[in-house]
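The values are calculated or read from the model by the stated rules, or taken from the named source; none is laboratory data. Worth saying up front: this structure is predicted, and the values here are computed from it rather than measured. Using ideal geometry, Cβ is built from the backbone for each residue, glycine included, and neighbour counts are taken over all protein chains shown. All accessible areas refer to the heavy atoms of the entire protein, side chains included, with ligands and DNA or RNA removed. Shrake-Rupley method; radii C 1.70, N 1.55, O 1.52, S 1.80 Å.
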Amino acid sequence: LAIPFVLFLVTLSAYGIFFWQLGFYWDDLPISWIRYQLGTEATTKYFSDSRPVWAWLYQLSAYLLPLKPAYWQLFAMFWRWAGVVVFWLVLTGLFPRRKDLAFLLALFVLIYPGFNQQWVSYVYSHFFIVLFFLLISFHLMLRGRTIPAMIFSALHLLMFEYFFLLEFMRPVVIFISLRDEPLTNRERYTKVFKAW
């Protein structure tokens, strides 16, 4: 529990200072206006031509949270933190002897300076949720929980196309997870392909 807690403190330090003073920005404004002012049917229509399943996620989250930016800032921070924790779990599952490296990589993903739009909370909270679905599917797969892993993978793929190519990391993850098994190369590749 120490690592998730440290990652939580870093999340608050990096993104949570003065979160209650932030507002809605960029695409937050029109998309939240559609959901809160025009309702769920308008949200469904807005996403119907490109991301119809993603509309369900927006409807659910907006049902749970009021139209107050502070709530959405916390919501986005939570999902960014949750995704990084699962990323750390995947890395520790793949490299159990390198937990130090797993922590450093998780920390880097959390505070990656190339992404500086955490403050766009209404929109990016949903990006983080979809990324969480992908990462939790990897984690569940590594633990042998095939059906839940497939469900989260399907949610990820149906909701949003931005992380689609990351799904092709799955055979690599499977391959790494089998590195200690006494298999020939042919057996290893066959097993990876079947598992994928």
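Of all residues in the range 143-196, those that are of a type in the set (Asp, Glu) and surrounded by 11 or more Cβ atoms within 10 Å (Cβ to Cβ) total 3.
When every residue of the range 15-30 is checked against the conditions, none turns out to be among the charged types (D, E, K, R) and either at pLDDT 90 or above or open to solvent by 70 Å² or more (accessible area, probe 1.4 Å) (or both).
Listed by first and then second residue, the pairs linking a residue in the range 94-106 that is under 20 Å from Arg170 (Cα atoms) to a residue that is open to solvent by 70 Å² or more (accessible area, probe 1.4 Å), with Cβ atoms under 8 Å apart and 6 or more places separating them unless they lie on different chains, are Phe95/Leu101; Ala102/Phe95. Within the range 152-186, the only residue that satisfies the criterion of being in a helix (DSSP H, G or I) and of a type in the set (Asp, Glu) is Glu167. Here the range 92-125 is the region considered, the condition is being closer than 27 Å to Thr43 by Cα and more than 16 Å from the chain's Cα centre (by Cα), and the residue that is modelled with the highest pLDDT is Trp119. Screening the range 1-88 for helices (runs of 4 or more DSSP H) wholly inside it with 2 or more residues that are of a type outside the set (Ser, Thr, Tyr) and closer than 17 Å to Phe127 by Cβ returns the ranges 28-33, 52-64. From the residues in the range 42-63 that are hydroxyl-bearing (Ser, Thr, Tyr) and closer than 10 Å to Ile31 by Cβ, which one is surrounded by the most Cβ atoms within 10 Å (Cβ to Cβ)? Across the range 42-63, the extreme among qualifying residues is Tyr58. When the range 111-137 is filtered for residues that are in a loop (DSSP other than H, G, I, E, B) and either open to solvent by less than 20 Å² (accessible area, probe 1.4 Å) or of a type outside the set (A, V, I, L, M, F, W, C) (or both), the ones remaining, listed by number, are Tyr112, Pro113, Gly114, Asn116, Gln117, Gln118, Val120.
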